[in-house]
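Novice: Would you mind keeping the following structure in view while I ask a few things?
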Amino acid sequence: MRRIAFGLAIVFVSVPLLAQAASTFAFRLRIDGMTGDLGAGTAFFKSCTGLESTTEVVEYREGGESGTIRKIPGTLRYGNITLKRGITADNSLALWRGLLEDGHFDQARRSGTIVLVDKANREIARWNLVNAWPARLSIEADETSGDPQEIMVIAVDASRRP
């Protein structure tokens, strides 16, 4: 087990094996500097949204008589990533979130990856996360089944697919 600042040990323990997952695909989250039973900071989720980048479109009017509107790229923004999974006994996400709640912002910001895997745990796609931190952690009822689920929203400086 790896220790981090302030004596907190953060361990990721996954939901049951992927073979027991309800869908064909799952999302594997790995956060640098965290260790667990399934590898370096690994947790599995049934859904993931927000892996996106958006560039603001800035319009300006070109001088002269044509009055043509030109468009140029503006600010680049990356979306907040929302991951959902069933409730487990694993409290590592709460410990990670707790770093922010206790004011330890620098220790909470980490790099990591989100990997889309199939039922055989084969990698389909990968996104690298830069300066990720847990912006929100909540427990809510699943809209379809009504079962409780854990929802983690992760803010990132960047999420890039290599």
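The values are calculated or read from the model by the stated rules, or taken from the named source; none is laboratory data. Computed from a predicted model, the values in this text were never measured in an experiment. Please note: Cβ atoms are built from the backbone with ideal geometry, for glycine as well, and neighbour counts cover all protein chains shown.
Novice: Residues that are out of contact with any Asp or Glu (no Cβ under 6 Å at 6 or more places or on another chain) and free of Cβ contacts under 8 Å to residues at least 12 places away in the same chain: which strands (runs of 3 or more DSSP E) entirely in region 88-162 hold 1 or more of them?
Specialist: In region 88-162, the matching strands (runs of 3 or more DSSP E) lie at 123-141.
Novice: Check whether at least one residue in region 55-77 is surrounded by 13 or more Cβ atoms within 10 Å (Cβ to Cβ) and assigned to a strand (DSSP E or B), and report yes or no.
Specialist: no
Novice: Let me ask something else. Taking the condition of being closer than 18 Å to ILE151 by Cβ and of a type in the set (Ser, Thr, Tyr), how many residues in region 90-123 meet it?
Specialist: 1
Novice: Could you list, in sequence order, all residues of region 19-40 that are modelled with pLDDT under 70 and either touching a helix residue (DSSP H, G or I) at 6+ places or on another chain (Cβ under 8 Å) or over 22 Å from GLU150 (Cβ atoms) (or both)?
Specialist: MET34, GLY36
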